[in-house]
Amino acid sequence: MLRVASWNINGIRSPLQGLTCQGPSNCPTALRRILDKLDADIVCLQETKVTRDVLTEPLAVVEGYNSYFSFSRSRSGYSGVATFCKDSATPVAAEEGLSGVFATQNGDVGCYGNLDEFTQEELRVLDSEGRAVLTQHKIRTLEGKEKTLTLINVYCPHADPGRPERLTFKMRFYRLLQIRAEALLAAGSHVIILGDLNTAHRPIDHCDAGSLECFEEDPGRKWMDGLLSSPGMEAGSHIGLFMDSYRWFHPKQERSFTCWSVVSGARHLNYGSRLDYVLGDRSLVIDIFQSSFLLPDVMGSDHCPVGAVLNVSCVPAKQCPALCTRFLPEFAGTQLKILRFLVPLEQEPVRVQTVLQPSHQIQVQKHPSKARMHSTRPRKSQGVSQRNQKNLMSYFQPSSSLPQPSPDVGLPSLPLGGPLTIPKTAEEVTVVEDKVKVSEAKNEKEVRTSFWKSMLSGPSPMPLCGGHREPCVMRTVKKAGPNLGRQFYMCARPRGPPSDPSARCNFFLWSRPS
């Protein structure tokens, strides 16, 4: 069996608390535990948010796996995808990007299709955000036939409503993805497209599709309609070259979401959308796929992993493709680092004995990194002052010029609460003085406390929401517009269906009038 998994990890350097990793995320075993938890032969990660200059060896080279990264070349800490293959599923070829712009002609996948509708500059821009990695594998069916399987690990762009140019970018990226996938399919390879497509295809894949204006008219959904065959393969329905594997096995499963809003706490009530997919060509899904699944219980990101199981075995390549991160100079040991010139080399210590001088003896001891001079000349006493310099402790001793206190001990005045008792011994005097000091300190503390309480009265209490009569939470408007930066109160409960009484109510109140 071949098990593949995909996860928008929302930052590969994050601790990923949901997987209960012991230790920091950059320790050698942290990422290995994540991969083992997913229990897949091939793991595709999206939104790694790492560039090559900050990629560390524990993230790039994991024991038992070979990895392939695509980095964003336009922004740091943005986008990025990575594919981790077990050594038993080592690919025969690997490539970064969809257009071939970054191909090295050494171990590439090839088969780009007709890209005449794109300019060379447009292809470079589409692939510069690090959104796709391709790995090609040899698989063996149950009948013993060897075939080729190409996995396209993809992180599709998000269309920001406030930036119309990003919708154009997204649709051009979709077009490039479809051309490449269909070209690979035409060349005789089975194809799997998996990752975050950033579109909820059908109303069943969205928590609140009815409230969205022109849901079916969304350009991304129309593109998926043309790419995919209908789940039930009904007569007269569109027959695309690819299929949504999850809907093939679970055509009517509702509330099967993979992404939730973290700010609104929508995951608690499973109020989200399905943006992550495992798509396969029709013959592959129908004949070879055994199951397709979601893992909503795996925490650590605003997405959950998805995956599929195939009734084939993988035939590993004898050597990793050139794109493998273990061949990068910084990890392969072929790139000299500055620390190489700063760390002393190991050598035996050499001791040199100098000639004895008349007044003292000097011994020189040479070490690999430093030389120390040991002198046998007796040191002067630290307590002797050469120029009658005062010692620091002399300033803390009583001076003879100051008047000495009277031998008679003055008793503190005590409040009369009963018969006056005059202490007769030194111990009684000490006890009385201690009580007075404690009383004075307590009174001083109370005065200070009352002063700061009067100055800092604390925040005013939160208003109560109208639906549950519970304290609200304060939020800040982050959307560009006239209310940018304004604060408001809203219900503190997690977002959920309007029919759910345990979900957030529609209470809203500005913190200050405009």
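To check you understand DSSP bridge types, tell me what percent of the beta bridges within the range 57-210 (both residues inside) are antiparallel, rounded to 5. Here the antiparallel bridges make up roughly 75 percent for the range 57-210. As a length-normalised measure over Cα pairs under 8 Å and 6 or more apart, the relative contact order of the range 452-514 settles at 27 percent.
In this view, the solvent-accessible surface of Phe71, computed with a 1.4 Å probe and all protein chains in place, comes to about 30 Å². Between Thr119 and Ser394, the simple label model (points 7 Å from Cα in the Cβ direction) yields a spacing of 8.5 nm. Using 19 Å as the cut-off for backbone N distance, which residues of the range 186-228 belong to the label zone defined by a point 7 Å from the Cα of Asn311 along Cα→Cβ? It comes to 190-192, nothing else. Can you compute the FRET efficiency between Gln105 and Phe215 using 1/(1 + (r/R0)^6), with r the Cβ-Cβ distance and R0 = 41 Å? Round to the nearest 0.05. Computed FRET efficiency for Gln105 and Phe215 comes out at 0.40.
Does a label point 7 Å from the Cα of Gln487, set along Cα-to-beta-carbon, have any residues of the range 460-479 with amide nitrogen under 20 Å, and which are they? Backbone N within reach: 460-466, 470-479.
A simple count of charges around Ala30, restricted to other residues whose Cβ falls under 13 Å of its Cβ and scoring Lys, Arg +1 and Asp, Glu -1, yields +1.
Cross-link pairs exceeding 22 Å between alpha carbons, from the set Lys86/Lys138; Lys49/Lys170; Lys170/Lys222; Lys37/Lys145; Lys138/Lys318: Lys37/Lys145. For His468 and Asn270, the difference between the fully extended length at 0.36 nm per residue and the C-alpha to C-alpha distance is 69.3 nm.
Net charge near Trp452: determine it from the other residues with C-beta under 14 Å of the C-beta of Trp452, scoring Lys and Arg +1 and Asp and Glu -1. Neighbour charge sum, excluding Trp452 itself: +1. Using a cutoff of 8 angstrom between alpha carbon atoms and counting only pairs six or more residues apart, the relative contact order for the range 74-229 works out to 22 percent. Estimated at 0.36 nm per residue, the fully extended path between Leu456 and Met1 surpasses their Cα-Cα distance by 157.2 nm. Computed over protein heavy atoms with a 1.4 angstrom probe, the accessible surface ordering of Lys170, Lys437, largest first, is Lys437, Lys170.
Ligands, DNA and RNA aside, Glu129 has an accessible area near 20 Å² when probed at 1.4 Å. Surface analysis of the range 79-156 yields an accessible area of 38 Å² per residue, using protein heavy atoms and a 1.4 Å probe. Extending each Cα 7 Å along its Cβ direction at Lys252 and Tyr78, get the distance between those two points in nm, one decimal. The answer from the label model is 4.5 nm.
In order along the range 144-149, phi translates into HN-Hα couplings of x, 7, 9, 9, 9, 10 Hz, rounded to whole numbers, per the Karplus curve 6.51 cos²θ - 1.76 cosθ + 1.60 with θ = phi - 60° and x for Gly and Pro. Shape class for the range 35-118, computed from the alpha carbon gyration tensor (a ≥ b ≥ c): oblate, with a/c not under 1.5 and a/b at or below b/c. Ranked by solvent-accessible area (1.4 Å probe, protein heavy atoms only, all chains present), the residues Glu427, Glu217 order from largest to smallest as Glu427, Glu217.
Bridgeable aspartates and glutamates around Lys442 (alpha carbons under 17 Å apart, same-chain partners fewer than 8 residues away excluded): Glu433, Asp434.
Each label point was placed 7 Å from the Cα along the Cα-to-Cβ direction; for Ser511 and Thr449 their separation is 3.0 nm. Remark: C-alpha extents of the range 137-262 on the principal axes read 50, 35, 33 Å, sorted largest to smallest. Dipole magnitude for the range 169-285: about 240 debye, using +1 per Lys or Arg Cβ and -1 per Asp or Glu Cβ, origin at the Cα centre. Residue order by solvent-accessible surface for Ser292, Ser211 is Ser211, Ser292, largest first, with ligands and nucleic acids left out and a 1.4 Å probe.
The values are calculated or read from the model by the stated rules, or taken from the named source; none is laboratory data. The structure presented is a predicted model; accordingly, all values stated were derived computationally and were not measured. Here the Cβ is made from the backbone with ideal geometry for all residues, glycine too, and neighbour counts use every protein chain on show. The protein model used for the area step is the full one, side chains on, heavy atoms only, and it has no ligands, DNA or RNA in it. Shrake-Rupley method; radii C 1.70, N 1.55, O 1.52, S 1.80 Å.
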